[in-house]
Amino acid sequence: MNRTRNTVKLLALLLVSTFAVDDPEPIFKALGGELEMGYCFGDDIAVYRQTADGKELLGQYSNSAVPPPDSFKGRISFSTDVEGLLGLKITNLQYSDSGNYIRECWSDSTMENYRKHYLHVCDKELDFKEISLRPGTGADLECNMDSIKNATVKWYRGVHNVSLFMDTKISLEPLQADFKSLIRVHGKGSFLHISDEFILDRPRFFCLVMEGEQCRNFQTIGLPGEPELKTIYRSVGEDVVLTCSVDPLRKNHWKTPLGQVNSSVTNNQMFLSTSMNSDYSLDIQSLTSDHSGSYKCFSTFLVEDYTLNVCPLLESTTILFSDKKVVLQCNFMSLPAISGKVEDANVLWYRKNGEKDILIMDSGDPSLTPPTDLQGRVKLSRVNYSLIITDPRKEDSGTYWCVVLLHNDKTDEGNDEDAYDGDDGNNENDGVESPSWIMEEEYMDMCLFRQVTNLKFDQSTKVRKVDHTPQPEPKPEPETNLTMYMLCVQG
């Protein structure tokens, strides 16, 4: 499932790039590095360098007999690492490689798209630097001038495309009039204070330190990576707390399926933790199916991202265990909603760890690695999807739950059998087309069942320990001198 979703993301990005771009998009590389010009769908790729005399062909996949220009000989190669996609790679980049490039993608003798780029080859690339957020509002951007005399700075901002917004060789004001109210410039332009509005879309910033026309170094400056999407499964009637840590002086809010929630816009089904600290958690009580959906916590930009899936059914059991194998059941197969659809169900097993829900097993993803402490001791039964823990330990105590979804993972690559314990024999449904309803959007990832198991160590079961510590030999008792004893009695 993860592999399919990653492929979809890659294809989406590539489809965006199919539109022609008139303004060259900048690319920053260090001296001696390499540049990948691609990727292209179709059967051919051609890359040109723009010169004063026109376009100079560097390489074309379908016409490998044409050698590259002398200055690029031995440095041009084609890449086919991703199946169905073509790329052209330039290695051992030189200062003289800086300039305009055009990449064309062809299919059936028709040019499908092209892209323009301007390559900047700099002395070196500095390590990524995290944006310094100001409490309350705004952020500071500082470019490392590296003690270069007479240096100027080029500032770029990248969201979907990368564009120049300031060149201190030209002016200490932004090139775009709309940005002038969002940026304050300090010193010679190597230090900027930017407003919250300028970082709403989580842009990346690039600064190039220039000495004349030569780039001496470049650096990427950005916010921490976007938060990981957390999927939460709960049942009707339960409560849930979605945690979020924010800057209390900023304009914070939650986006929910039931509308926006903040300190001034409230919802009687949800409660905010609004104390003067970083806790901005959302407390939702007595869950209903209406609460299912996307929850996003913002503090200028996205801080936490949740998908809450409210399951209609809940069973709760308690299991006492000692040192023998323990089996956690998921009793969903007899439910009317599952009737005839067991083969198409996806079963997940979770464990509660503090405030986190830890995924242990996924029947649709045999490559999933269990938590470290359970590795080698946990299996998923292929017969009834129960969770089997061998060699259980006291530390395994806690809350576990299974979740049953309707989701079609049969299109994914891989063999599910490696994830299971046991074998039911031949599957008569192999090769049979999935029912049409399974791909309908209303059924995708629908939670039909959730069963909670409280696993408790049985304190009354005591394992008798045998002490194998060597014991000292007992001291021999002193011998009794019977003759002396008799003499004393007679005397």
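Across Asp127, Asp43, the residue with the most accessible area heads the list, and the full order at a 1.4 Å probe is Asp127, Asp43. Using heavy atoms of the protein chains and a probe of 1.4 Å, the accessible area assigned to Met333 is about 70 Å².
Computed with every protein chain present, the accessible area of Ser96 is close to 80 Å² [probe 1.4 Å].
Determine the sum of side-chain charges near Phe301: Lys and Arg each +1, Asp and Glu each -1, restricted to other residues whose C-beta is under 12 angstrom from that of Phe301. Don't skip to the end; give the middle numbers.
Working: positive: Arg202, Arg250, Lys251, Lys296; negative: Asp196, Glu197, Asp201, Glu226, Asp247, Glu304, Asp305.
Neighbour charge sum, excluding Phe301 itself: -3.
Counting only protein heavy atoms and using a 1.4 Å probe, the accessible area of Arg49 comes to about 40 Å².
Largest accessible area first, the residues Leu359, Leu302, Leu208 order themselves as Leu359, Leu302, Leu208 under a 1.4 Å probe with ligands, DNA and RNA left out.
Each of Val153, Val66 has its accessible area taken with a 1.4 Å probe; listed largest first, they run Val66, Val153.
The values are calculated or read from the model by the stated rules, or taken from the named source; none is laboratory data. This structure is a prediction, so every number in the text was calculated from the model and none was measured. FYI the Cβ positions are ideal-geometry reconstructions off the backbone, even for glycines, and counts take in every protein chain you see. SASA here: full protein model, heavy atoms, side chains in, ligands and nucleic acids out. Shrake-Rupley method; radii C 1.70, N 1.55, O 1.52, S 1.80 Å.
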